[in-house]
């Protein structure tokens, strides 16, 4: 098992032991000069189907806040889901949750979505934003863990 997975598993075990919450990760944030990305929550929603060979569903809520001086539109997303023992899956597409939100200065946009994973995984990535002037830039999405319930096995 790679060292980063061991460290992630230990951190999650401590987090679970030290918290009464049912969340699979602690909220984290990352900021660029104009856009702040906050992972508000990550939760295990359950299995996609019956049986142990079906993936777990992990719901998450993310808020993007425009702290800049001009409006910005979320144009594209790029996710990397690194699943223990299965490698990295890349997920890309236009906007998020069927929208390409335009976020004015001082405003925020919150959305929820989900990932599928069979075992412990880490999700991270970036959004491509476009300022009203046409300039595009990447906004990092802070990494967060997708951890099945401990009774689920590896």
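Taken together, the criteria exclude residue 104 from residues that are touching a residue at least 12 places away in the same chain (Cβ under 8 Å) and in contact with a helix residue (DSSP H, G or I) (Cβ under 8 Å, 6 or more places away or on another chain). Please work out which residue is modelled with the lowest pLDDT, limiting yourself to segment 78-109 and to residues that are surrounded by 15 or more Cβ atoms within 10 Å (Cβ to Cβ) and in a loop (DSSP other than H, G, I, E, B). Across segment 78-109, the extreme among qualifying residues is 84.
Within the option set 30, 128, being in contact with a strand residue (DSSP E or B) (Cβ under 9 Å, 6 or more places away or on another chain), at pLDDT below 95 and part of a strand (DSSP E or B) holds for one residue only, 30. Among the residues making up segment 41-63, those that are surrounded by 15 or more Cβ atoms within 10 Å (Cβ to Cβ) and farther than 14 Å from residue 148 by Cβ are 41, 60, 61, 62, 63. For segment 116-125, residues that are in a strand (DSSP E or B), surrounded by fewer than 21 Cβ atoms within 10 Å (Cβ to Cβ) and either at pLDDT below 95 or in contact with a helix residue (DSSP H, G or I) (Cβ under 7 Å, 6 or more places away or on another chain) (or both) total 2.
The values are calculated or read from the model by the stated rules, or taken from the named source; none is laboratory data. The model shown is predicted, which means the values in this text are computed figures rather than measured ones. Here the Cβ is made from the backbone with ideal geometry for all residues, glycine too, and neighbour counts use every protein chain on show.
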